[in-house]
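So the structure is just underneath, and the comments pick up after that.
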Amino acid sequence: MAKLRLSKYCIVALTCTTIAGCAVGPDHQRPDLPESKGYGTTAEMSVARNLTASQLSGEQRLAVGADIRNDWWTLFRSPSLNTLIEQAFAASPTIEIAQQALKVAQQNVYAQQGYFFPTVQANYMPTRTKLPGNLGGNSPGVQGDGNYIGAYQGTPANQGGTAPYNGSTVFNFHTAQLTVGFMPDIFGLNRRAVESLQAQTDAQKFQLQAAYITLASNAVAAAVQDGMLRKQISITKDMIAANETAVALVKRQQKSGYASQLDFSIQESALGQVKQLLPPLQKQFEQNRDLLKVLAGRTQDQEVPAFDLASFKLPDELPLTLPSQLVEQRPDIQAAEQLLRAANAQIGVARATRFPQLSLSGTLGGTASNFNQMFWAGSGGFFELALNLAQPIFAGGTLMHREYAATEAQKQAAAQYRLTVITAFQNVADTLHAIKADAQAMAIVNDLTAAAKKTYELSGRQHASGYLDRLALINAQQTYRQALLNSTQIQAARLGNTAALFQALGGGWWNKPTEQ
């Protein structure tokens, strides 16, 4: 009879498992996005080579549809930069945080998947009980008048029990059992929960890739800033030295009667204006060095490489991913879609709680006053099979409103996904506009720098021939150095915006030979 009941429960379980092939709730579908064929910029951009031989003022071309290297920063051909980024990837807490978050998400998936399997629990409970003698007929082994019956036959006390003088009974009792429980996932509640957690895990994978790309981009920007500030500080110090020489020269001219107090004051004012440029540059330089150490995962008493702006080379060719490709490549877009998938699965979770919930359980065990007698055939053994079917009828609207809330959360995630996409398009467009503007500014600045240099050289020859005084030569030199300052800033901007384009296009994480 027991075997027949067991087989019936097995049939019910198999039937429920078969029914569970369909999970309630909507399946994920990517939202429709506005059709976009470009970024509102010219498809190809070419900047003519400038007159100077600088490595940072060459021609750049956009290659539409070109793939992106996963180690795109090597295109700047700076060994020090490569070393910095390798250190950052190996030691930055930012990467470790993202890695650990991914591991947490994966473990949550494994934990939820455990509900697909039966639960098995073993239980052993030994007890020692004393029954008072004044219970009369209710006391095992005692007659209604309180007299003892032989060796307390028919009670647990006949195995190790004692009968004190006052008629009470003390006996031991052992119970051991094995319980198996299973909840068939008929309406897909657990499968939707696993789907949601798995989507969150996939989102975390993309966020890890985004962390690598952002870290590399920030390292490039900080390294370029380091080189730019070093050069600007050097030029500013030369300008200060030249202005100090000019002040001394005007001072001598004033003593000789060839310059007025006004001339001297003007030159002193010019010196003060140049001097005030240096402290902010030095502060910015030191703070940027602090940032480099943080990016590399180092403390402030440790060192990181120093950078020379002239050591960076501007990549000749820049990739340009089409919008349709960008949706598949940007890790933040992929992460947003996975979060949308997770929110969509939560609708199924909320809906499944409104359907009947079935649970199966079986218990097999034994009980006896002696441990070795618990599983004697026909004596202490017992079993129990149970099927429980529960259907929520009224819960104050809680389950219904949870489903409504999950639906609204899915709509919110869909809107966030669309925002992430169009923001990514804007990000690429902004970077392309910046690159184009930088190239145009570079051409103008180079022309100005070349003109200032020519003026300085001609002033030097005129001064050597006696046709121009020393002060005019110093002023021409200052104008040239100011042009160099502006040129340095534009060069750094071109490098920084080039790195920003690689980041905006997804950073080439899909081309990694092995997953980091």
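Only the coordinates and a few stated rules stand behind these numbers; no lab work does. Just so we're clear, the structure is a prediction, and the values are computed from it rather than from any experiment. Cβ sites come from the backbone with ideal geometry, for glycine too, and all protein chains shown count toward neighbours.
Some observations on this one:
- Candidates per chymotrypsin sites (Phe, Trp or Tyr not before Pro) in the range 221-315, loop by DSSP, up to 13 other Cβ within 10 Å: Tyr258
- Local charge for Asn497 was computed over the other residues whose Cβ lies under 14 Å away, with Lys and Arg +1 and Asp and Glu -1, and equals 0.
- Put simply, the amide H of Arg61, placed in the peptide plane, has neighbours under 5 Å in Glu317, Leu318, leaving out anything fewer than 5 places away on its chain.
- Seen from all directions on average, the chain presents a Cα convex hull projection of 44.0 nm².
- In summary, the lysines within cross-link reach of Lys37, defined as a Cα separation below 23 angstrom excluding same-chain residues under 8 places away, comprise Lys436.
- Cα Rg, Dmax, the range 265-307, angstrom units: 15.7, 50
- Each of Phe89, Phe117 was scored by other Cβ atoms within 10 Å of its Cβ. Arranged with the fewest first, they read Phe117, Phe89.
- Per-residue Cβ neighbour rank within 10 angstrom, fewest leading, Leu62, Leu229: Leu62, Leu229
- Which of Arg341, Arg61, Arg289 has the fewest Cβ neighbours within 10 Å, and the rest in rising order: Arg61, Arg289, Arg341
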